[in-house]
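*Asks:* Supplied in structure tokens, the structure appears directly below.
The values are calculated or read from the model by the stated rules, or taken from the named source; none is laboratory data. Everything quoted here is computed from the prediction, not taken from an experiment. FYI the Cβ positions are ideal-geometry reconstructions off the backbone, even for glycines, and counts take in every protein chain you see.
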Amino acid sequence: PLEGRVALVTGSTSGIGLGVATELARQGAALVLNGLGDPDEIEQIRLDLARDHQVEATYSDADLRDPEAIRQMMAMAHDAIGPVDILVNNAGIQHVAPIEDFPVARWDAIIAINLTSAFHTIRAVLPRMKAEGYGRIINIASAHGLVGSPFKSAYVAAKHGVVGLTKVVALEAAESGVTCNAICPGYVWTPLVEQQIDDQAKAFKITPEQVIKDVLLKAQPNKRFATVEEIGMLTAYLCGPGGASITGAALPVDGAWTAH
Ligand code: NAD
């Protein structure tokens, strides 16, 4: 259903972004990948996606802390594959520390990557989407875009900001056929989470199963991780005809975490 569409997914070299890019390619969209990591591994990801799904795929190594690098990525995407119809702002980082100890440079980096980069990508694609009468902007926020947790000041502030930005973009674009939504996952099974489980099991001298149940999934009532495939399928749904009237929403995918 997404044949002929061009999708740009930030932070798509791993985890949720890669899951989203994979599902969009499976449905026929051409891809612009972005993210940090080993260039050879990233090139392999790009080749695999293009071959497995018979779609065009290109890659930008833009560091999303840098507005000029974002501008160049958006121009490259347009020139290499075509105008972006689907924009998924997914890249994000985390830092956990009490406010008094929170490193100022980490605060700045989290706000830049998790929030400000979405402003830059959105403003680059919106005029053409509006003129075209179709566009899908999906911001991967978090349950932490809806509720707070201690020690995650920058992340929670950025993700609440993303939810706010989502609403404003939806309102400004409401009559144009362009929708903008936030997806708010609780815990999703990614390499990042897997690593946290091993680290915490060692640190607290408990089993990985205990870390999952008593630490990570404590706040997630359904006691299961969402999968990157599930986030990919929801994203693809929002891009299709069923998503035409869903805009300005912050959609929890959190096993009832934020229902508390
Ligand atoms: P991940 O670490 O696996 O992937 C993050 C991606 O962002 C990678 O591709 C990385 O290279 C890229 N990235 C990081 N800094 C960058 C920079 N400066 N410039 C360009 N790219 C950069 O993480 P993930 O778990 O897949 O998370 C993806 C998004 O989902 C994030 O916004 C995160 O906050 C959100 N999220 C994740 C979970 C979860 O449980 N995993 C839950 C809720 C929300």
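*Asks:* Any idea which of Ala69, Ala62 is in a loop (DSSP other than H, G, I, E, B), aliphatic (A, V, I, L, M), within 9 Å of the ligand (Cβ to nearest atom) and without any contact (Cβ under 8 Å) to a residue 40 or more places away in the chain?
*Replies:* Criteria check complete, one pass: Ala62.
*Asks:* Considering region 35-77 alone, what residues qualify as being in contact with a Ser or Thr (Cβ under 7 Å, 6 or more places away or on another chain) and at positive phi?
*Replies:* Within region 35-77, Gly35, Gly37 qualify.
*Asks:* Continuing with the same structure: Take Ala30 and decide whether it is more than 15 Å from the ligand (Cβ to nearest atom) and either assigned by TED's automatic domain parsing to the domain that holds Thr121 or surrounded by fewer than 20 Cβ atoms within 10 Å (Cβ to Cβ) (or both).
*Replies:* It is true that Ala30 is more than 15 Å from the ligand (Cβ to nearest atom) and either assigned by TED's automatic domain parsing to the domain that holds Thr121 or surrounded by fewer than 20 Cβ atoms within 10 Å (Cβ to Cβ) (or both).
*Asks:* Can you tell me which residues in region 1-20 are in contact with a strand residue (DSSP E or B) (Cβ under 7 Å, 6 or more places away or on another chain) and either surrounded by fewer than 24 Cβ atoms within 10 Å (Cβ to Cβ) or more than 12 Å from Tyr59 (Cα to Cα) (or both)?
*Replies:* Result: Arg5, Val6, Thr13, Ile16, Gly17, Val20.
*Asks:* Select from region 157-209 the residues that are among the charged types (D, E, K, R) and within 12 Å of the ligand (Cβ to nearest atom) and write down the one among them that is surrounded by the most Cβ atoms within 10 Å (Cβ to Cβ).
*Replies:* Selected residue: Lys159.
*Asks:* Follow-up. Please work out if Leu49 is under 20 Å from Arg136 (Cβ atoms), touching a strand residue (DSSP E or B) at 6+ places or on another chain (Cβ under 6 Å) and touching a residue at least 60 places away in the same chain (Cβ under 8 Å).
*Replies:* Against the criterion (under 20 Å from Arg136 (Cβ atoms), touching a strand residue (DSSP E or B) at 6+ places or on another chain (Cβ under 6 Å) and touching a residue at least 60 places away in the same chain (Cβ under 8 Å)), Leu49 does not qualify.
*Asks:* Filter region 116-128 for residues that are out of contact with any Leu (no Cβ under 8 Å at 6 or more places or on another chain) and away from the ligand (no atom under 15 Å from the Cβ) and give the result.
*Replies:* Arg123, Ala124, Leu126, Pro127, Arg128
*Asks:* Moving on. Exactly one of these conditions fails for Ala77: (1) assigned to a helix (DSSP H, G or I); (2) without any contact (Cβ under 8 Å) to a residue 60 or more places away in the chain. Give me its number.
*Replies:* Just one mismatch for Ala77, condition (2).
*Asks:* Check whether at least one residue in region 81-99 is out of contact with any strand residue (DSSP E or B) (no Cβ under 6 Å at 6 or more places or on another chain), in a helix (DSSP H, G or I) and surrounded by fewer than 24 Cβ atoms within 10 Å (Cβ to Cβ), and report yes or no.
*Replies:* Yes, region 81-99 contains at least one residue that is out of contact with any strand residue (DSSP E or B) (no Cβ under 6 Å at 6 or more places or on another chain), in a helix (DSSP H, G or I) and surrounded by fewer than 24 Cβ atoms within 10 Å (Cβ to Cβ).
*Asks:* Hey, can you tell me all the residues within region 210-237 that are touching a Leu at 6+ places or on another chain (Cβ under 8 Å) and in a helix (DSSP H, G or I)?
*Replies:* Listed by number, the residues that qualify are Val228, Gly232, Leu234, Thr235, Ala236.
*Asks:* (1) in contact with a helix residue (DSSP H, G or I) (Cβ under 7 Å, 6 or more places away or on another chain); (2) more than 10 Å from the ligand (Cβ to nearest atom); (3) in the same structural domain as Leu87 (by TED's automatic domain parsing); (4) of a type outside the set (A, V, I, L, M, F, W, C): which one isn't true of His144, the others all being true?
*Replies:* Failed condition: (2).
*Asks:* If you go through region 117-152 one residue at a time, how many are buried (at least 19 other Cβ atoms within 10 Å of the Cβ) and either of a type in the set (Phe, Trp, Tyr) or in a helix (DSSP H, G or I) (or both)?
*Replies:* Here the count works out to 12.
*Asks:* Continuing with the same structure: Within region 49-72, count every residue that is under 26 Å from Pro1 (Cα atoms), surrounded by 13 or more Cβ atoms within 10 Å (Cβ to Cβ) and not aromatic (Phe, Trp, Tyr).
*Replies:* 8
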